[in-house]
Structures are given as structure tokens and as C-alpha cells.
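The values are calculated or read from the model by the stated rules, or taken from the named source; none is laboratory data. Predicted model only: the values in this text are computed from it and were never measured. Heads up, the Cβs are rebuilt from the backbone with ideal geometry, glycines too, and the neighbour counts pull from every protein chain shown. For accessibility, only protein heavy atoms count, side chains too; no ligands or nucleic acids. Shrake-Rupley method; radii C 1.70, N 1.55, O 1.52, S 1.80 Å.
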Amino acid sequence: MSVDERPQDEPPLGPLLYEVIRSLWPLHRTVVRAVERELMGTGMTAGQHAVMDELRRGGPRTVPQLARVLGLDRQPVQRLVNDATVLGLAESAPNPEHRRSRLIRLTPKGEAIIGGIQEAEESELRRRLSDLTAGDVTTALHVLRRLGEEFKDLAQDADAPPHATERGDDPR
């Protein structure tokens, strides 16, 4: 459906997309603060929570792999892994695919802690957001993933002048 075919009572897409983007930064800060509150007394940070969540979800990874999936530089991820290792939540293991780049995996203690935290978080989310349907959440995930894809593309296209596509001289 083109913009001209849009139903008259449907708001324009552009302003709605900008509103989603404007909502992301405050939402991210609020989520981080809430996660930090939940982690009080565990010795963990929100960053370590993110690393441990990714290890639990995707299994052992190298630090560069974790950095890529988290959208972070390798050095801060290495610090988060080092801190989680000191807490006994993660450990390094030999990597059969690469001699020098070790795999990072959760320890049994780390698995138990992140599993318990995630169960509590999921229960709280279900309770607080019981008015949302699975369809609502699926749509939200679709929109956020599409925005992520497009902004990743924009961020990586540093050589293109701003608004190159509007002038018709897109280098792609």
C-alpha cells in the first residue's frame, strides 16, 4: 500500500517511526536502571547481565562474538567477562576452532543465578504487561528488529554523504 492508498484515519508513518525512535533512548535508560535495581546484592552489573543472558541464550562464545551480537566494542565486553569471571559466574574454555581465542561460558553458579534472575524478570513482566497479547509483542519485535537493521546499515555506511539517497547519488 502506497502513502496515497493509506486509509484517511491512519496517521502518517514517518512521524510514528520518529516517535518509536525517540522512545528508545529513555526506554533503554529506564530498563538499565530497573535491571540494576533487580541486581542489587548480587554483585552483578547490567552489562554483566547482558553478557550472561547472551551466553545462556546462545551458548559459549568468544569475546569478539559476544561483542558483535551485543553491538559493543570488544574491550568493554572483555572487561565485563573478566568481572563475571572474578565473581565465578563465567569461565573461559578451550576453543576447538581457534587456539588463542577462548570460549566464554557460564559456570554452573552463573547458570543458576542468571536463570533465577530471568525467571523472576519474566514473571514480573507477564504480571505488569498482562494487557498485551503475543501478537502485540510479536509486532513490536518486528518493528524494533527492522529499525535495528536499517540503523545498523546507516551506521556502517560512514562513507556515504548524509542524505545521499535523496539526491540520487547513493554509492550502493
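Solvent-accessible area of the chain (1.4 angstrom probe, protein heavy atoms only): carbon and sulfur portion equals 56 percent. As a rough guide to protection, the peptides 113-123, 147-157 ranked by mean Cβ packing within 10 Å, highest first, stand as 113-123, 147-157. For the chain, what's the relative contact order in percent, using C-alpha pairs closer than 8 Å and at least 6 residues apart? In percent, rounded to a whole number, it is 14.
Placing R0 at 30 angstrom, the Cβ-Cβ distance between Arg37 and Arg146 gives a FRET efficiency of 0.45 after rounding to 0.05.
Treating r as the C-beta distance of Ser92 and Leu13 and R0 as 41 Å, the FRET efficiency rounds to 0.30. Near the amide H of Ala90, within less than 5 Å, lie the amide hydrogens of Thr85, Thr107, all on another chain or at least 5 residues away, with H placed in the peptide plane. Once the 1.4 Å probe is applied to the protein heavy atoms, region 40-91 comes out at 52 Å² accessible per residue.
If R0 is 35 Å, the Cβ-Cβ spacing of Ala155 and Ala46 corresponds to a FRET efficiency of close to 0.95.
Between Ser123 and Asp136, the modelled label-to-label distance comes to 2.2 nm, taking each label 7 Å out from Cα in the direction of the beta carbon. Each stretch of four or more DSSP H residues adds -39500 (n - 2.57); spread over every residue of the chain, this sum gives -21000 deg cm²/dmol at 222 nm.
Taken over the C-alpha atoms, region 1-126 has Rg and Dmax values of 19.2, 61 angstrom.
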